[in-house]
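A.B. asks: One structure is given below, represented as structure tokens, and several questions about it will come after.
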Amino acid sequence: MSLLEVADVTHRYAGTKAAPALNQVSVSVSRGEVVAVVGESGCGKTTLGKLVAGFVRPTTGSVRFEGRDIWSLKGKDYKTWRRSVQMVHQDPYSSLNPGLTIAGTLRPALLRHRLVGRRGVQDEMLRILALVGLDATPAFLRRYPHQLSGGQRQRVAIARAMSLRPRLIVADEVTSMLDVSLRVAILDLLLSFRKGDAIDDMITYLFISHDFGVVRYFSRGGRIIVMFYGVLVEEGPTEDVISHPCHPYTYLLLEAIPVPDPDVAERRAAPASLVEQSEGQPSLTGCVFSNRCPLAQAKCHASQPPLTDVGGAHLTACFFPERIPAVTHLVEGINQR
Ligand code: SF4
């Protein structure tokens, strides 16, 4: 049984007549897996994260955690699920309450969920600070968020999530507001929790990012989901999707990654037929990408391509995956980041 099962979910924000933020999206995540969701701003990836964390309710479809619909949970079951699924947000400056010290940030949930008694709460907070690489001292617990750097604040946000001994972490653009020099350290910190030694259980990740370089680093050995305007257009093992994308949108996202080495940049120059794309709104009748797709045919404007397995659990919602050029050389650009 999957740990998380998002089944045929559509979500439309109240009062909007535009295309739904999520359109018939299904995602299954096994215990211990790392699944990355990638796409441009507005593609629905954050809505998917909020949906999994229970902050928004699907208009249709269901979200199941350990086989149970999260919106049917009550009492003790609800409390256990609430603790088991935690979200770490993009902005370490606004995700912490500026009026609370670090102790005030960590202590209430530890006590509310009875993970530790009042007498042991200080030691537990210091243990968690040490786990996330912060100064594990009473003086640090008395600090306020404005006294910390961006990297320290994000570590406190991670400490708050990990202190509840979660089973699934939804990590939404967790490094996008940090200096480049801090990003790998934060990603490595999150990955260090995967084995579960430090917090009792193995952590499963739904990792959301617009940055393919970050996604590849974090989800190596895992899985990537590519979204476009609320639709899941490609899904597969990380290395397969990056070296052999089967959807033109994924190809173009990979192609957009800047390459510092001019020699590599020249070699990876994409075929003109794929670069000469036009801006366009998503199609509501045919393939969602058809108004922007350089490979679109009449069939693409008339009907929606189903998500189809092209082999090795690699799925694409494109009628013509074989027309996408081989792009192994694009990986060089990602490796340089
Ligand atoms: S189905 Fe057609 S329009 Fe859609 S991505 Fe494939 S080639 Fe492009």
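The values are calculated or read from the model by the stated rules, or taken from the named source; none is laboratory data. Since we're looking at a predicted model, the values are computed, not measured. Glycine gets a Cβ as well: all are built from the backbone with ideal geometry, and neighbour counts include every protein chain shown.
A.B. asks: Quick check on region 91-114. Is at least one of its residues more than 30 Å from HIS146 (Cα to Cα) and of a type in the set (Val, Ile, Thr)? Reasoning before the result, please.
C.D. replies: Residues of region 91-114 that are more than 30 Å from HIS146 (Cα to Cα), as a first pass: none.
The answer is no; no qualifying residue exists.
A.B. asks: Going through region 218-247 one residue at a time, which ones are part of a helix (DSSP H, G or I) and without any contact (Cβ under 8 Å) to a residue 40 or more places away in the chain?
C.D. replies: In the first step, residues of region 218-247 are kept if they are part of a helix (DSSP H, G or I); the result is 218, 238-243.
Across region 218-247, the qualifying residue is only GLU239.
A.B. asks: Out of (1) within 21 Å of LEU48 (Cβ to Cβ); (2) outside any loop (DSSP other than H, G, I, E, B); (3) at pLDDT below 95, the odd one out for VAL174 is which?
C.D. replies: It is condition (2) that VAL174 fails.
A.B. asks: Among the residues of region 298-312, is there at least one that is away from the ligand (no atom under 16 Å from the Cβ) and either of a type outside the set (Asp, Glu) or at pLDDT 95 or above (or both)?
C.D. replies: Start the filter on region 298-312 by keeping residues that are away from the ligand (no atom under 16 Å from the Cβ), which leaves 311-312.
So of that shortlist, the ones also either of a type outside the set (Asp, Glu) or at pLDDT 95 or above (or both) come out as 311-312.
Yes, region 298-312 has at least one match.
A.B. asks: Of the conditions (1) surrounded by fewer than 16 Cβ atoms within 10 Å (Cβ to Cβ); (2) under 24 Å from SER28 (Cβ atoms); (3) of a type in the set (Ser, Thr, Tyr), TYR217 satisfies every one except a single condition; which number is it?
C.D. replies: All conditions pass for TYR217, except number (1).
A.B. asks: Among GLY236, GLY213, which is in contact with a Lys or Arg (Cβ under 9 Å, 6 or more places away or on another chain) and within 16 Å of the ligand (Cβ to nearest atom)?
C.D. replies: Values: GLY213 fails: within 16 Å of the ligand (Cβ to nearest atom).
The unique qualifying residue is GLY236.
Per-residue answers, yes or no, for (1) surrounded by 14 or more Cβ atoms within 10 Å (Cβ to Cβ); (2) in contact with a Phe, Trp or Tyr (Cβ under 6 Å, 6 or more places away or on another chain); (3) over 25 Å from GLY44 (Cα atoms):
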| site | (1), (2), (3) |
| --- | --- |
| ILE128 | yes, no, yes |
| LEU131 | yes, no, yes |
| LEU134 | yes, no, yes |
| VAL156 | yes, no, yes |
| THR175 | yes, no, no |
| ASP188 | no, no, yes |
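A.B. asks: Examine region 262-270 for a residue that is at pLDDT below 95, within 16 Å of the ligand (Cβ to nearest atom) and more than 24 Å from the chain's Cα centre (by Cα), and state whether such a residue exists. Break it down into steps so the answer makes sense when it comes.
C.D. replies: Residues of region 262-270 at pLDDT below 95: 262-270.
Then drop every residue that is not within 16 Å of the ligand (Cβ to nearest atom), which leaves 270.
Checking the rest, the ones that are also more than 24 Å from the chain's Cα centre (by Cα) come to 270.
Yes, region 262-270 has at least one match.
A.B. asks: Could you list, in sequence order, all residues of region 34-45 that are surrounded by fewer than 22 Cβ atoms within 10 Å (Cβ to Cβ) and modelled with pLDDT of 95 or more?
C.D. replies: Filtering region 34-45 down to residues surrounded by fewer than 22 Cβ atoms within 10 Å (Cβ to Cβ) leaves 35, 40-42.
Result: VAL35, single match.
A.B. asks: Quick one: would you say ARG143 is assigned to a loop (DSSP other than H, G, I, E, B) and outside the structural domain of THR47 (by TED's automatic domain parsing)? Don't jump to the end; show me each part of the working.
C.D. replies: Working: assigned to a loop (DSSP other than H, G, I, E, B): yes; outside the structural domain of THR47 (by TED's automatic domain parsing): yes.
Yes; evaluated as a whole, the condition is true for this residue.
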